[in-house]
4 protein chains.
Amino acid sequence: MTKSIAIVADRIAWEERQLIEAGPDLGLTVEWINDESLCLGQSDVTALSRFDAILLRSRSYTRGGLIATLAEESGSRVINSARAINLCENKAVLRTALRAANVPVPEFRLVLSRSDFARALKEFAPPVVLKPVYGGMGKRVALIRDADAAHSLYDYVEDLGHAFEQACLVEPFLAGGASTRCLVVGDVLVGVAEFTTGGEDWRNNAALGNLSRAAADDPEVTKIVNGVLDVLGPGIYGIDLFQTSEGYVVNEVNHAPGFRAVAQATGVNVADAIGGYLQEVLS
Amino acid sequence: MTKSIAIVADRIAWEERQLIEAGPDLGLTVEWINDESLCLGQSDVTALSRFDAILLRSRSYTRGGLIATLAEESGSRVINSARAINLCENKAVLRTALRAANVPVPEFRLVLSRSDFARALKEFAPPVVLKPVYGGMGKRVALIRDADAAHSLYDYVEDLGHAFEQACLVEPFLAGGASTRCLVVGDVLVGVAEFTTGGEDWRNNAALGNLSRAAADDPEVTKIVNGVLDVLGPGIYGIDLFQTSEGYVVNEVNHAPGFRAVAQATGVNVADAIGGYLQEVLS
Amino acid sequence: MTKSIAIVADRIAWEERQLIEAGPDLGLTVEWINDESLCLGQSDVTALSRFDAILLRSRSYTRGGLIATLAEESGSRVINSARAINLCENKAVLRTALRAANVPVPEFRLVLSRSDFARALKEFAPPVVLKPVYGGMGKRVALIRDADAAHSLYDYVEDLGHAFEQACLVEPFLAGGASTRCLVVGDVLVGVAEFTTGGEDWRNNAALGNLSRAAADDPEVTKIVNGVLDVLGPGIYGIDLFQTSEGYVVNEVNHAPGFRAVAQATGVNVADAIGGYLQEVLS
Amino acid sequence: MTKSIAIVADRIAWEERQLIEAGPDLGLTVEWINDESLCLGQSDVTALSRFDAILLRSRSYTRGGLIATLAEESGSRVINSARAINLCENKAVLRTALRAANVPVPEFRLVLSRSDFARALKEFAPPVVLKPVYGGMGKRVALIRDADAAHSLYDYVEDLGHAFEQACLVEPFLAGGASTRCLVVGDVLVGVAEFTTGGEDWRNNAALGNLSRAAADDPEVTKIVNGVLDVLGPGIYGIDLFQTSEGYVVNEVNHAPGFRAVAQATGVNVADAIGGYLQEVLS
C-alpha cells in the first residue's frame, strides 16, 4: 500500500525534488511541508498527523530538533529521530557523546567567553578553527592563521552574537581543510566522497570522485561509521571526517545532509536508497 | 571527610553566598568557579576535576547544559544532571516530556515564524503570553491583551531576534499571572510559596507567605512534583505552577532556582537542605 | 537631449517600474542600479558617474544617506540631496530641525535606555507609541495601551537591539493612528490622501480617497508643507501628518516615498510629475 | 563668576575625573550627568538646561550625536557641536567631508554587502582592514591578511550584524598599524604622541613618548590639523593620523578623545587646557 511521507523543510531543493520524484515508483507519495507553518504544540492531532512518516530536512539549525521532538510526542514517526537530530544540532554535545563511545573526534575547547578564547588560542597554536557550536553550512567557520588578528574576529562574536551564538568551539586546523563525507542511509554506508578546499574561500570545496569502493574496503571508516550509528541509531546522515596522522576523526554529522555531490561523485541513487529505507521502516 | 564543591555560576549572588557560608558546618568546602573561564573540552582532566561535585548554577540559559554535558563526560559529578539541565533549558521540550509522562502543562503552540504566530493568535484568543523557548528570569515574556497590537511586538522577534531567539511559545494567559513555586531538594519538596503579580510590570510579584503546610497536605501538588521528578530525576529544582480551573499545571522548571523568596516565606533553611543533599549524594 | 537617470534602489517595485516606463516619453532613460553593488568610495569616477542624475530610492534606512553623501562628493547629482536624506533617516533629528523652524511636530522623548523609557511612560500616559529613531515601513512601531505590559516589550529593545536600534522615540498616540499623506515633487504638493487604521494590525491602513482639492485649499497643510521644504529643500517627499485638536503635526518625512496609494486615491500621474521635475533639475 | 559644566557621559573615567578635579581652580563646577537618563525631547527646559555648557563625552557611538542635536535645539551650549559630533560618528561621511576640503584621507570603499566586500578585496589587495562605519575603541576593526579567510569573517557581519552594523569600510592596511595622535583643544594642537602596535593583538599600542615639539615644527601635521578644524570647527578632538609614503592621512577623528596616553607622553596638562577653553567659550 502507498505510504505518505511529509518532507518537512524550509524549501524544495535538489534533494527534496529527487525524493518527491522518486516516490511513486517506490510506493510513496512524498509531499513538501513548510517548516514555518506547523504551529505544533497540540498533544494529539497536528498538521503532521495525516502522514505515515515525517522526513525532517529543515536546513535551519534551530528548528529540526524542536519540530522532531513535538512531532514524536504527538505520535508521528519522525526520521531522523528527535534524539539524533538534537545531538547533531549541537557540535559540542555530539562530540562528547561520540568520544564517550570511543569514536575519535578532533580535540576542541568550548569557548563561552573571551577568556576561554584567549586560553584556547594558547592551548592550540594557530592555525586553528573557530566555529559556532550551533550552525550549519559552514557559516561563521573561521580559519585563524595569526593569533594577533584573532581578537578582532572575536569582537564580532562578543559584540554581535546573541546568547547561543556566543557558544563556540576552537579546534586545531586539520587535514588542510579537506574532508571525507560518508552518506549513511539506515545502517548502510551508501557512498563516500572526498572534498578538498581551494580557491577564493578556504571553505570552498570540490568533490574528488568516487571513493566508495576504497571506503567500503577501509575498515577504519567502517568502524567509525558504525560507532556513530551506535550512538545515533540508524537514520540518514552525512558524516564528515578529517584524516589526521592518527587516523580519521569525526568532524560533524549532518542530520539533513545534502547528497548531490556524493551522488554525482559515486553514481549512487541516493533518493532510491532513502525511499527503500522509508519503506523498510514503515513495513 | 570534607568534600569539595564547586559552584559554577556567573557570579556570587545571595544563594551562592548562603551555600558557601553553610558549607563548613556541613563538612563541605564550597568554592565559586566562574562559568566564563572553564575552557572545557578535554576528555580527562579539566578545571573542574579537582572537585568532588559540581553544583551548576549558571544563570545564563545557554551555558548550563553545555558545561554540564562536558563536565560529566570528563568524569565530574554534576548536580543537576546534564540531562535534567538540558530539559529545563528548553521550555518546549520540557513541556513535551512532562506531558508524555502525564504531568499537566499549559496548552501551547510552538511559534517559529510570523505565520505560526498569526495562527496561534487565532487558536488562543487574547490575552495570551508570548515567551522565548530559551530564556530565563521572565525576560521577553510578553502579555498580549490586544491582537491588533501583537504584530508590532512580533516585529522585534523577527527583525532583531537571531536563530534560537525566533523560537517562541504562545500560550493562554493563566491564573492572572499568579504562580505557585515549589522548591525541591533531592526528592523532597522543601518549601512552597505563592506569588501574585501587580504594580508597574505585570511580571512583578510578591511572595504571599508560607504555604508549605497546605502544600504538604495538597495531594495534587505532591503528585505533580513527583511526576516532574520521575522525568528529571532527583535534584535541586524550582517548579513553577499555575492554578487553573482544571487544577495545577507546570509552567516551567528552573534548574538553578533562586530560593531567597521561598526561604523567607517559609522559614526553611534551604542552604542546609542543599548541603545535606550534597553530602548524601557524595556518601 | 535624452538624460540618463539611475534609480538606486534595492529592487524594482511598482514605483520604479512606473518611472522606468514613463522615461522615454519624458526624454529620460531610466535604469535600475542595485544599491548593494556600488562599492563607492573613490573620489573621482564611480559606478554612478555615467548618469546625469541619481534618483535614490533605497528602502533600506541605512544605505540612502551613505550612498547619497559619497555620490555627491564624487560629483553626482543626487535627488534627494544627501542632506535631506540624512535628515529624513533620523526621526529625532528631523523633528528637531522642523521644530526649530516652527513646523509643528508631535511631542516626543528620546529613549536611549530603560530609565528613559520608564520616565517617558510617566510623562506621557498610555496610549503611547514606541518607535525606532531609525527605521521605516512602520516596522517595530508599537502601540502601548497598558503601562504594565510595556516593560516586556522594552526587553526586546534592550536584549535584542544593537546600538542604534536602542535609540527610540516615545510619543503620545495621536489621531487614532490615522494620517494624512502629502506627496511633494520639487516644491509642488501633487497629491494628498488620508489613511485610517483598522483590521488585524493597528498599523494597517486604507486610503480614503482623493483629498487633493481640499488639501490644495487648506492653508494649514500648505503652510506646513512649505515649512518642511524650507528645511529640506525641494525634492520628492512623502510628508506624513497627524491631525490633532491643535492642528496638523508632521509625523515623519519619507525621502523615497511609495506613491501608489496616493496616485490611486487622487488620480495624479506621479511618475510624470517626477520625470518633469528631473528634466527641470537637469536643464 | 563660576560656570557650571555638565559632562554628559556613560561613566566617570580617568579623563572625567581629571576635569571634575581641575574645575574649581579654573572657576568651573563640573558635574557628571549619566547619558542614559536624560529623556530629552522637550523643546524648552530639559535636564541639561541648568548648565552653562555641556561637555559631551559619551563613549557610545550612538548617543553623542542625538543628545547633542536635541540639547542644542533646546538652547544648551554643547561642546563639541552637534554638527562636529555627527560628522565624527560616521567614518564614511567624515572622510568624504575631509577629502572634499582637500584634507588627505586613506583610500576606502563603502561595503554594504558581500558583493561590495568581494569587489573591495579585489580593488585593494590584502593586507586590508575591515572596519565598521559606526563604532569606536577599535572594536571590530579587523586585519585581513589572507583573502581566502576573509569571507568567514564577513559571515559575522552578514549573519549577526544588524542594519547599520552592515555598513563597513575596507581600506589598505597602512603604516603597519602605527598611528600619530594629535590632541586639539579649541584650535590649538596641545599634544602629539606616536603609537605603535604589537603584542597579542595587532591593535594593541603603546605610546612612544613626547613628539609634541617635533609635531609643532612639522608643517604637514599643522596643515592637516588646521584642515580638520576648518571642516569641524574648533573643539576638543583626537585626530588620528597614519604616516604613508605620500605623507600623513587622517584615519579618524574622535570627538570625545581619551587623553591619558597623550598627557603622559607629552606632560601636557590636558584638563587645564580644556578648562581654559571652556572659560573662553563661555566668556
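The values are calculated or read from the model by the stated rules, or taken from the named source; none is laboratory data. Predicted, not measured: the structure shown is a model, and the values here were computed from it. When we count neighbours, we look across all protein chains shown, and the Cβ atoms used for this are built from the backbone with ideal geometry, even at glycine. To get the accessible areas, we keep the full protein, side chains included, count just its heavy atoms, and leave off ligands, DNA and RNA. Shrake-Rupley method; radii C 1.70, N 1.55, O 1.52, S 1.80 Å.
Here are the numbers:
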read-out	value
Selected residue [at pLDDT 95 or above, out of contact with any Lys or Arg (no Cβ under 8 Å at 6 or more places or on another chain) and among the acidic types (Asp, Glu)] from D:31, D:15	D:31
Meets criteria (in a strand (DSSP E or B) and touching a residue at least 24 places away in the same chain (Cβ under 8 Å)) for residue C:67	no
Strands (runs of 3 or more DSSP E) lying entirely in the stretch A:156-221 (those with 3 or more residues that are at pLDDT 95 or above and open to solvent by less than 50 Å² (accessible area, probe 1.4 Å))	A:168-172, A:179-186
Residue check for residue D:76: open to solvent by 20 Å² or more (accessible area, probe 1.4 Å) and either small (Gly, Ala, Ser) or more than 12 Å from chain C (Cβ to nearest Cβ) (or both)	no
Only one of A:13, A:82 that is under 24 Å from the mean Cα position of the chain (by Cα) and more than 9 Å from chain B (Cβ to nearest Cβ)	A:13
Odd one out for residue B:107, checked against (1) more than 29 Å from residue B:274 (Cβ to Cβ); (2) in contact with a Leu (Cβ under 6 Å, 6 or more places away or on another chain)	(2)
Residues that are assigned to a strand (DSSP E or B) and of a type in the set (Val, Ile, Thr), drawn from the stretch C:24-64	C:29, C:30, C:33, C:54
Of residues in the stretch D:136-151 being of a type in the set (Gly, Ala, Ser) and crowded, with 22+ Cβ neighbours inside 10 Å, the one farthest from residue A:143 (Cα to Cα)	D:142
Every pair of residues 6+ apart whose Cβ atoms lie under 6 Å, when the first sits in the stretch D:161-188 and is away from chain C (no Cβ under 14 Å) and within 20 Å of residue D:55 (Cβ to Cβ) while the second is assigned to a helix (DSSP H, G or I) and among the aromatic types (Phe, Trp, Tyr)	D:185/D:277; D:186/D:277
Residue selected from the stretch D:115-168 under the condition within 15 Å of residue C:163 (Cβ to Cβ) and hydrophobic (A, V, I, L, M, F, W, C), by the criterion nearest to the chain's Cα centre (by Cα)	D:137
Answer from C:33, C:20, C:54 - the residue that is under 19 Å from residue D:100 (Cβ atoms) and of a type outside the set (Gly, Ala, Ser)	C:54
Filter pass, residue D:121 being among the aliphatic types (A, V, I, L, M), in a helix (DSSP H, G or I) and open to solvent by 10 Å² or more (accessible area, probe 1.4 Å)	yes
Matching entry among C:49, C:58, C:43 (being within 13 Å of another protein chain (Cβ to nearest Cβ), open to solvent by 20 Å² or more (accessible area, probe 1.4 Å) and out of contact with any Leu (no Cβ under 8 Å at 6 or more places or on another chain))	C:43
Selected residue (criterion: modelled with the lowest pLDDT) from residues of the stretch C:266-277 that are more than 19 Å from the chain's Cα centre (by Cα) and open to solvent by less than 30 Å² (accessible area, probe 1.4 Å)	C:266
Exclusive hit being at pLDDT 95 or above and within 8 Å of chain C (Cβ to nearest Cβ), set D:105, D:133	D:133
Failed condition for residue B:111, given (1) at the interface with chain A (Cβ under 9 Å from one of its Cβ atoms); (2) open to solvent by less than 20 Å² (accessible area, probe 1.4 Å); (3) closer than 24 Å to residue A:168 by Cα	(3)
Evaluation of residue B:258 against (1) touching a Phe, Trp or Tyr at 6+ places or on another chain (Cβ under 9 Å); (2) open to solvent by 20 Å² or more (accessible area, probe 1.4 Å); (3) farther than 22 Å from residue B:18 by Cα (one fails), failing number	(3)
Residue among C:107, C:31 that alone is among the acidic types (Asp, Glu) and out of contact with any Gly (no Cβ under 8 Å at 6 or more places or on another chain)	C:31
Members of the stretch D:28-40 found to be open to solvent by 20 Å² or more (accessible area, probe 1.4 Å) and either among the β-branched types (Val, Ile, Thr) or more than 10 Å from chain C (Cβ to nearest Cβ) (or both), listed by number	D:29, D:30, D:31, D:32, D:33
Exclusive hit being within 30 Å of residue D:69 (Cβ to Cβ) and among the β-branched types (Val, Ile, Thr), set C:54, C:7	C:54
